[in-house]
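The values are calculated or read from the model by the stated rules, or taken from the named source; none is laboratory data. Just so it is clear, the model here is predicted, and its values are computed rather than measured. FYI the Cβ positions are ideal-geometry reconstructions off the backbone, even for glycines, and counts take in every protein chain you see. For the accessible areas, the whole protein counts, side chains as well, though only heavy atoms, and no ligand, DNA or RNA atoms are used. Shrake-Rupley method; radii C 1.70, N 1.55, O 1.52, S 1.80 Å.
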There are 2 protein chains.
Amino acid sequence: MAASSLLRSLTGRGCAGPTAFSRYYRHLQYPFSTAAAAGAQGEAGWGFPGLGPTAKGEKARVVVLGTGWAGSRLMKDLDTGGYDVVCVAPRNHMVFTPLLASTCVGTLEFRSVAEPLARIQPAVSKSPGSHFFLARCTGVDPDAHTIDCETVTDGQKDALEPWKFKVAYDKLVFACGAEASTFGIHGVADNAVFLREVHHAQEIRRRLLLNLMLSEVPGMPALLICIMHAVPSAESSRTVRGLGKGFSGRPYPRLCNAGRPRLEPGTCWLQAANEILSSFDVRLRQYAAKQLVKSGVRLVRGIVKDVQPNKLILDDGEEVPYGVLVWSTGVGASSFVKSLPFPKSPGGRIGVDEWLRVPSVQDVYAIGDCSGFLESTGKEVLPALAQVAERQGKYLAQLLNRVMKAGGGHATSAAEVDVGPPFVYKHLGSMATVGRYKALVDLRQSKVR
Amino acid sequence: MAASSLLRSLTGRGCAGPTAFSRYYRHLQYPFSTAAAAGAQGEAGWGFPGLGPTAKGEKARVVVLGTGWAGSRLMKDLDTGGYDVVCVAPRNHMVFTPLLASTCVGTLEFRSVAEPLARIQPAVSKSPGSHFFLARCTGVDPDAHTIDCETVTDGQKDALEPWKFKVAYDKLVFACGAEASTFGIHGVADNAVFLREVHHAQEIRRRLLLNLMLSEVPGMPALLICIMHAVPSAESSRTVRGLGKGFSGRPYPRLCNAGRPRLEPGTCWLQAANEILSSFDVRLRQYAAKQLVKSGVRLVRGIVKDVQPNKLILDDGEEVPYGVLVWSTGVGASSFVKSLPFPKSPGGRIGVDEWLRVPSVQDVYAIGDCSGFLESTGKEVLPALAQVAERQGKYLAQLLNRVMKAGGGHATSAAEVDVGPPFVYKHLGSMATVGRYKALVDLRQSKVR
């Protein structure tokens with residue numbers, strides 16, 4: 001518990017310490033068991049450390065890349081009686097993204113929105129053949145049925161070269177999600193904070209309060225601004241709502257008492273072009289805009305041209321100074337996904353058929369934001385939403401369990417197995433909060449896609 | 001509450017955002033109140049932003065540097081009916097250091113060991129003349145009765161020049177503590193984690209669990225080591241005990257199940273020369289050592305010569321690889337204290353007389369780890385312990401309240417006032433935990449110093 005909750009803040013980070021041992025490994029002077037190494041290498045019987053192919057008698061191994069909505073739901077439902085589950089991901093927990101924005105302002109604690117994988121699928125910490133590896137997949141060999149992995153060491157000033165290893169799979173599932181889009185705007189990656197992981201929320205919370213603290217310093221104004229493009233996503237409004245509450249200044253009475261030195265933070269929401277929350281019905285959008293403005297949010301139309309450490313430049317040359325810059329503008333295909341040797345869907349995601357399989361190879365599947373229907377399926381690519389990912393994970397777990405029970409669990413043995421009905425997505429509507437006790441719910445004719 | 005708990009992790013850090021405004025301040029394009037600046041500058045009437053001298057009619061202003069044991073207790077007890085309290089410190093909370101080590105391993109939550117100053121002394125966030133400034137004091141002008149301050153911006157990759165301001169004082173109290181000693185050993189500052197602030201504990205916890213996670217990776221050994229010199233402080237053993245629990249591997253069963261690939265983390269406690277916990281009775285020291293070894297701690301005698309990112313070099317040339325390096329070796333005078341133009345006590349602390357005054361100047365006091373009795377007092381310098389600092393804060397609050405009631409609250413008006421009895425320290429004994437449900441208590445003849 002302590003462990004899991006702690007590591008929740010590790011997302012996407014690493015530490016030089018351990019990887020360093022790959023260097024000093026051979027001449028460590030303090031006695032410690034090398035069973036881990038030996039054992040693993042033994043298992044594999046390669047020159048390379050890792051997990052070797054499973055034998056016919058053993059359980060089949062499902063390797064899942066990612067611990068998001070899709071991957072977590074998949075692992076939760078997999079039948080560990082017939083499958084060993086091996087998860088390779090740069091974070092050891094699932095983030096309940098709809099509530100992430102609330103943690104930025106202390107409405108919720110960070111641990112409330114992160115669920116350790118070991119509790120979603122206990123097998124990864126208990127069952128002998130199941131593992132969680134805090135690592136990143138760097139390559140796939142569909143013919144050999146193996147993936148290349150390396151430990152995460154980025155974000156460390158003294159990071160050494162990562163430790164590399166291989167994992168052989170019987171079934172491989174890509175659930176590695178997408179990346180926040182910067183639209184190639186200069187300075188975004190360096191100066192903005194995204195809102196996709198727990199450590200993002202922690203950084204926003206830290207900067208937000210630092211700004212409020214510093215606003216007390218004589219002669220020093222502070223300005224808190226939240227920038228985002230209009231995206232068909234509830235996240236944006238939740239963020240603004242969250243930040244808006246951050247501005248209420250409750251912990252800083254002197255920011256609010258009239259007659260006292262006082263700062264007036266402004267929330268500024270830049271819109272690329274369209275309305276905010278453009279996926280919602282027009283009346284709901286208008287209501288949302290009214291509520292946000294009422295709660296002190298300034299809505300501004302404009303396109304960001306350049307982002308500097310303390311101000312942005314709009315396309316009309318206007319300068320917008322900021323204290324905290326939150327970039328919540330939707331997602332696009334990650335560089336890892338782009339690098340994969342598979343046919344892509346419109347939008348550059350991993351292309352899948354109606355059964356969420358990658359048709360060009362055997363035993364490979366893709367779910368969630370990283371996957372999309374191939375054009376050949378005649379279906380449109382599903383939106384990058386939790387409800388899509390979660391139901392794809394559920395569906396694929398059922399499919400894989402069915403395949404396993406039919407004797408097709410191991411590599412290249414599923415050719416003749418009936419995989420059952422294709423995946424069908426039914427949109428159940430959208431919600432977005434726009435202030436305390438205020439929210440939008442859009443239940444227009446849910447479309448079957 | 002959210003705010004305070006959030007900022008607890010800000011200790012000693014800063015953010016470029018706000019300070020940036022000192023630059024763009026004049027041509028901000030978004031409307032916001034400049035009352036803060038105007039107001040403050042008005043107050044001071046200098047060219048420089050800040051708080052100007054208090055008028056005779058107004059409350060006198062006590063400026064406290066620091067929010068540790070000494071400063072927090074002082075501010076808690078100050079009579080805010082007669083004094084305005086202005087605190088200048090790089091963190092806005094007090095840390096309950098005796099339990100800090102427990103937060104490294106999740107026994108306690110971080111917020112449990114940090115108490116926001118605004119709750120210790122509500123005046124700083126409510127009373128018009130009282131303030132908390134998240135800043136660092138850079139200089140003192142005892143004749144003008146002013147201090148120079150600048151906002152904290154270190155630890156930020158894109159930190160800009162800090163925002164500078166002045167604060168005039170009627171009474172100035174140094175409670176700025178000490179710095180962890182590195183004994184000039186190369187690489188300590190870069191590679192070791194200290195254990196003095198909440199963010200230190202967070203970093204230890206992060207690295208500790210990262211090591212445990214990575215130990216699951218095939219072929220990759222991990223080794224967790226805690227290094228500290230023998231110091232007359234309970235902190236060390238608490239730390240080891242804490243880390244020891246981290247090793248219990250509860251969240252990582254496969255680290256402990258025999259027959260499974262397994263790592264054997266070692267806790268290594270290096271001793272400079274003497275016993276561990278050298279302030280304790282010899283039998284207690286022996287008991288502690290036995291308990292620590294029993295709980296898997298390896299006690300090693302040796303002197304660290306060099307610290308590298310993943311191993312240490314001992315004076316006998318031996319190399320000790322480590323995953324996490326905790327440096328808990330006692331404290332010494334900080335560079336700020338060294339830079340002050342006051343006579344020093346043995347050990348380089350700010351020299352004070354029996355009334356904790358800095359005798360060479362008026363209206364300046366020093367308490368806690370940053371202060372020590374001048375040789376001229378014939379008293380020995382008190383140990384850097386919480387119980388010393390806390391009682392000095394309590395004593396000084398009473399002294400200042402007495403002075404204020406006698407009409408000596410304002411600058412240079414206390415010359416004729418009776419300051420009452422000198423400060424007398426009575427040692428009440430020491431405690432140290434050495435494992436769950438095990439602890440040392442040393443109640444030998446408490447010495448009056």
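In this structure, the residue pairs whose Cα-Cα separation is over 31 Å, taken from A:LYS166/A:LYS426; A:LYS290/A:LYS344; A:LYS166/A:LYS344; A:LYS164/A:LYS344, are A:LYS166/A:LYS426; A:LYS290/A:LYS344. Quick one: go through segment B:346-365 and flag any residue whose amide nitrogen is under 17 Å from the point 7 Å out along the Cα-to-Cβ line of B:ALA406. Backbone N within reach: B:353-359, B:362-365.
When accessible surface is computed with a 1.4 Å probe, chains B and A are found to bury approximately 8000 Å² between them, both chains counted. Closest approach to the axis carrying B onto A, counted by Cβ on chain B and given in whole Å with its residue, is B:GLU109, 4. Just to confirm, what accessible area per residue do you get for segment A:296-449 at 1.4 Å probe, in whole Å²? Normalised by residue count, the accessible surface of segment A:296-449 is 44 Å². Taking amide hydrogens as placed 1.01 Å from N in the peptide plane, the amide H of B:LYS344 sits under 5 Å from those of B:GLY351, each at least 5 positions away in sequence or on another chain. Computed from label points 7 Å out along Cα-Cβ, the spacing between A:LEU443 and B:PHE48 is 6.5 nm. Converting phi to 3J(HN,Hα) with the Karplus coefficients 6.51, -1.76 and 1.60 and the offset θ = phi - 60°, segment B:82-94 yields x, 10, 8, 9, 10, 10, 10, 7, x, 9, 9, 9, 9 Hz in sequence order, with x at every glycine or proline. For A:SER376 and A:LYS338, calculate 0.36 nm times their separation in residues minus their Cα-Cα distance, and state this gained length in nm to one decimal. Difference between extended and current length: 11.8 nm. Counting only other chain Cβ atoms within 10 Å of each residue's Cβ, the peptide B:106-112 averages 2.
In nanometers and ordered shortest first, the copy-to-copy spacing of the B:VAL417 label point, defined 7 Å from Cα toward Cβ, is 8.4. Residues whose amide H comes within less than 5 Å of that of B:PHE96, counting only those at least five positions distant or on another chain, are B:ALA114, B:GLU115 (H built at 1.01 Å from N in the peptide plane). Taking label positions 7 Å along the Cα-Cβ direction at both B:ASP306 and A:ASP306, the computed distance is 4.6 nm, reported to one decimal. Sites listed here are trypsin sites (Lys or Arg not before Pro) in segment B:41-129 whose DSSP assignment is loop and whose Cβ has at most 10 other Cβ atoms within 10 Å: B:LYS56. For B:ASP316, the point set 7 Å out from Cα toward Cβ sits 7.6 nm from its twins in the other copies, listed from shortest up. Among the chymotrypsin sites (Phe, Trp or Tyr not before Pro) within segment A:354-444, those in coil by DSSP and having at most 13 neighbouring Cβ atoms inside 10 Å are A:TYR437. Annotation note: chymotrypsin sites (Phe, Trp or Tyr not before Pro) in segment B:80-183 located in DSSP loop regions with a Cβ neighbour count of at most 14 within 10 Å are B:PHE183.
Model label sites at B:MET431 and B:ARG119, defined 7 Å from Cα along the beta-carbon direction, differ in position by 2.1 nm.
Less than 5 angstrom separates the built amide H of A:LEU382 from those of A:PHE373, all sequence-distant by 5 or more or on a different chain.
Taking the label point 7 Å along Cα→Cβ, A:THR107 and its counterparts in the other copies are spaced 3.6 nm apart, in ascending order.
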